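These notes concern the structure reproduced below.
Each value in this text was obtained by applying a stated rule to the coordinates, not by laboratory testing. This structure is a prediction, so every number in the text was calculated from the model and none was measured. Neighbour counts are summed over all protein chains in view; Cβ atoms, including those assigned to glycine, are modelled from backbone coordinates with ideal geometry.
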Amino acid sequence: MSEHYDLVLAGGLVFTMRDGEEPFFATVTIADGRVRGIIPGTESVWDSNRSSETAVYDVRGMYVTPGFIDIHAHDEFGDGDIVEQALLRQGVTTALAGNCGSGPLFPESEAAHANPWINLYYLVGNRVLRRAASQNDRYSPCSGEQRRVMCDLLGESMRLGAMGLSLGLEYEPGASFGEICDLARIVAKFDGLVSVHTRFDDYRCVDAVREVIALSRDCGVRVEISHLGSMTMSHTDECADAIDSAKSEGLPVSFDCYPYDAFCTNIGSAVFDDGFAERWRGKGPEYLEAVSGRFAGKRLNWKTFTEMRREEPDGTVIAYIMDQEEVERCVAHPDCVIGSDSYYQGDGGAHPRLSGTFPRALKVLRKRGYGWNGAIKKLTSMPADILRIDAGRLDAGAIADIAVFDPEKFTDRATYEDPFLPPDGMRMVITRGRAALEDGVLSDAPSGKLRKK
Ligand SMILES: [Zn+2]
């Protein structure tokens, strides 16, 4: 009796990421959007079950892994398909979007992403909630009534399928601990996740991390500390130690990082409020490069900084203030998972993390002593376990989200000069059982899905 397969990946080295399993040569069969079987051996054991419609790919010499999971993405700025496609080209098949306080209310995310290139989960952002409750001043605390409105809106989004809440505390200095506790308790009721862009990115960063730990402890909520490397200049090890001891207390605290020594955000944000250069030990506007608008491609000075901040507050700047060695240490921390923090506002300005995070993270991990299995785990089963989603492992019956790449050639090419350059060496990406990318060419139609918690 023969079984029908839609797609067969024959003879690659398969990383299932099932607990404790080392990679082995196998053929992966796929039907109806799911993995049907993983048959050990390099031989054509699938041949007897082959029907004429089966697309068979010889992937000998390739690594076959679960599609990567991006735990920290932004796909909420009206950027069309650019972020999704940039992630897909790196092997990402699932992302958590709406981070740093920016995620829309869930019905809006659902309407805007009916047909995405990858699987998307969404967070609701505290900035969005504050505006919806008519708190338009980022420096002011919310009233009791405003807090009640925010809780109602968040509860409604959670009921409809949001993954949780994102806090952009550096961006909304007025959000008090009491205010974010109210919101976190709603998320806890739904067993959701709170992702946190912490309050301070300077010498106070350890306190900022402790605030998130206290949030988890006081509200009984799972927390994910966002892009740690970009928030903890010179103090990353202390912050990681604080997280380690919270975990040993049994608190559900996790963190992510992208493998670059510069961050990227809007120049009008509170990040660049008075005194930022002092906070960063003298790193002033000359450490900032405009990547959109009138000053695109230029390092700033106080005069152009002030002009851009006033006239183009939504303009994008890259801040070259972190230390590569410190960031890499963070990426290589055994508990750190990978998040791209990719975003694109449609203004031409972007950070290479948009197109290069995942191959680059693998390179950093390999360089710092990780084997392939351990490195791939940080991009697949580890984030899946944090998010508690059905992804990140290859097994019979699992949704067929798969990356197939050449281990010798898989490398990032994106640079600060050209942040849109896709990586080399990604042979194929399968999203929900369909070949979404083949040798750099996208398929005709997206096959991802807006996912509900
Ligand atoms: Zn952020």
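What full-extension length gain, to one decimal in nm, is calculated for D32 and R299 as 0.36 nm per residue of separation minus the Cα-Cα distance?
91.0 nm
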D335 paired with R368, simple spin-label distance in nm, labels 7 Å along Cα-to-beta-carbon
1.5
Sequence-distant residues sharing a close amide H with A55 (under 5 Å, placed H)
L7, V8
Taking R0 as 22 Å, what FRET efficiency do you get between E249 and S176 from their Cβ-Cβ distance, rounded to the nearest 0.05?
0.35
For V441 and L160, compute 0.36 nm times the residue count separating them, minus their Cα-Cα distance, and round to one decimal in nm.
97.7 nm
With an 8 Å Cα cut-off and a minimum separation of 6 or more residues, compute the relative contact order for segment 270-318 in percent.
32
Calculated from backbone phi, Karplus (6.51, -1.76, 1.60) coupling profile of segment 62-67 in Hz, x at Gly/Pro
9, 9, 10, 10, x, x
Take K452 and D207, extend 7 Å from each Cα along the Cα→Cβ direction, and tell me the distance between the two endpoints in nm.
4.3
Neighbour-count order for S157, S176, fewest beta carbons within 10 angstrom listed first:
S176, S157
Cross-link partners of K283 among aspartates and glutamates (Cα-Cα below 12 Å; sequence separation of 8 or more within a chain)
D202
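Which value, in debye to the nearest 20, gives the size of the charge dipole of the chain about its Cα centre, when Lys and Arg are +1 and Asp and Glu are -1 at the Cβ? Write out the running numbers ahead of the final one.
On the way: 50 positive and 69 negative charges, 77 e Å.
Dipole of the chain, to the nearest 20 debye: 360 debye.
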Built amide H within the under 5 Å cut-off of A400, gap 5+:
R34, V35, R432, G433
Rounded to the nearest 0.05, what FRET efficiency do E21 and E326 give with R0 = 51 Å and r taken as the Cβ-Cβ distance? Could you check?
0.95
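Helix-only mean residue ellipticity at 222 nm, the chain, DSSP H runs n ≥ 4 weighted -39,500 (n - 2.57), per residue, nearest 500. What is it? Display every interim value, and only then the final one.
Working: 13 runs with 130 residues, N = 453.
Per the formula, -8500 deg cm²/dmol.
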Quick shape check on segment 319-392: root eigenvalues a ≥ b ≥ c of the Cα gyration tensor, a/c under 1.5 is rounded, otherwise prolate if a/b tops b/c, else oblate, and it reads oblate
Bounding extents of segment 107-152 in its principal axis frame from Cα atoms, largest first in Å, are 39, 20, 13
Once you place label points 7 Å from the Cα toward the Cβ at E238 and K189, how far apart are they in nm?
3.8
Loop-located chymotrypsin sites (Phe, Trp or Tyr not before Pro) in segment 90-186 whose Cβ has at most 14 other Cβ within 10 Å (DSSP)
Y139
What percent do you get for the relative contact order of segment 265-417 when only Cα pairs under 8 Å and 6+ apart count?
19
Tally Lys/Arg at +1 and Asp/Glu at -1 over every other residue whose Cβ is under 9 Å from the Cβ of R147; what's the total?
-2
Where in segment 269-343 are there GluC sites (Glu not before Pro) that are in a DSSP coil and have at most 13 other Cβ atoms within 10 angstrom of their Cβ?
none
Using θ = phi - 60° and the Karplus curve 6.51 cos²θ - 1.76 cosθ + 1.60, what whole-Hz ³J(HN,Hα) does each residue of segment 138-143 get, with Gly and Pro shown as x?
5, 8, 9, x, 8, 6
Which residue, chosen from S248, S157, F190, occupies the Cα position most advanced towards the positive end of the dipole of the chain, where the dipole is computed from +1 (Lys, Arg) and -1 (Asp, Glu) charges on Cβ about the Cα centre?
F190
Evaluate Rg over Rh across the chain, taking Cα atoms for both radii and Kirkwood's formula for Rh.
0.98
Efficiency of FRET from Cβ geometry, D152 and H4, R₀ 51 Å, rounded to 0.05
0.55
Interchain or sequence-distant (5+) residues whose placed amide H lies within less than 5 Å of the amide H of V92 are F68
Using only Cα atoms, what is the ratio of the radius of gyration of segment 270-318 to 2.2 N^0.38 Å?
1.03
Only Cα pairs under 8 Å and at least 6 apart count here; give the relative contact order of segment 353-453 as a rounded whole percent.
23
In order through segment 258-266: 3J(HN,Hα) via Karplus (6.51 cos²θ - 1.76 cosθ + 1.60), integer Hz, x for Gly, Pro:
10, x, 10, 9, 9, 10, 8, 7, 7
